[in-house]
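Below is one structure; the comments refer to it alone.
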Amino acid sequence: MSWCLDCFSAQVRQGCKGLSLLECLLACALVAALAVKTLPAMKSLLDRARVNLACSEFHQAILRARAEAIRRHERVDLVPASGHDWRSGWVVLIDSNNNQQLDPGELSLYRVALDVHDLRVEARLRDVHKMYLAFAPSGRPRSAAGASLPQIGSLLFTVGAERRKLVMSFLGRTRICDPDAAAATC
């Protein structure tokens, strides 16, 4: 114990060794320079995560709508939560009056509310008059006009420079691809 006190008292007599103001400013400048260099990479990483989140959430909603149509033996729709724009979210529902929106009294099966900053969704579907996807009891996509005309196409999700495309086939199967990495097959 006396050894520790002797060492401590020797350090106090010599004075505290610390950082000078100049050394602190240089360290702060170095940290700021590194932060500026990594900021674009971080933004790209965050944009990629946001676009992947939105696209995978939409893919899950499609899978759920398709499964519910098969399970319930009736048409199930997937529509934008706001009525005309996919950016704020979507609803899987039993659209009893066939107007491609959630009305009072209609059964909402699944709802996704998104808050993804700068998300843009561009839909290229066969029926361009309204934004919706519908599934027949067979699990195949269908249009609002009838089961014989499928509602197929693609949705392009964009956040910043990051893009993902969700493509739906005639059978109702979906795939997600990166149009920038695989432009020929996407």
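Any read-out appearing in this document is the output of simple, stated calculations on the displayed coordinates, not a laboratory observation. Here the structure is a predicted model, which means the values were calculated and not measured. Here Cβ is always computed from backbone atoms with ideal geometry, including for glycine, and neighbour counts include all displayed protein chains.
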| field | Nearest 10 degrees, 0 to 90: helix 2-14 Cα axis against the chain principal axis | value | 90 degrees
| remark: For Leu109, the residues 5 or more places away or on another chain with a placed amide H closer than 5 Å to its own amide H are Val92, Leu93, Ile94
| What do the square roots of 5 times the Cα gyration tensor eigenvalues come to for region 23-76, in whole Å, largest first, as semi-axes of the equivalent ellipsoid? | 49, 8, 4
| remark: In Å, the Kirkwood hydrodynamic radius from C-alpha pairs for region 35-177 sits at 15.5 Å
| Average Cα contact separation per residue, the chain, under 8 Å, 6 or more apart, as relative contact order % | 18 percent
| said: Averaging the inverse of every distinct alpha carbon separation and then flipping it gives the Kirkwood radius. What is it for region 97-186, in angstrom units? | reply: 14.8 Å
| Mind ordering 35-43, 63-71 by average Cβ neighbours within 10 Å, highest first? | 63-71, 35-43
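What are the equivalent ellipsoid semi-axes of region 68-108, built from the alpha-carbon gyration tensor (square roots of five times its eigenvalues), in whole angstrom, biggest first? Could the numbers behind the result be given before it?
Numbers: eigenvalues 65, 26, 11 Å².
After scaling each eigenvalue by five and taking roots: 18, 11, 8 Å.
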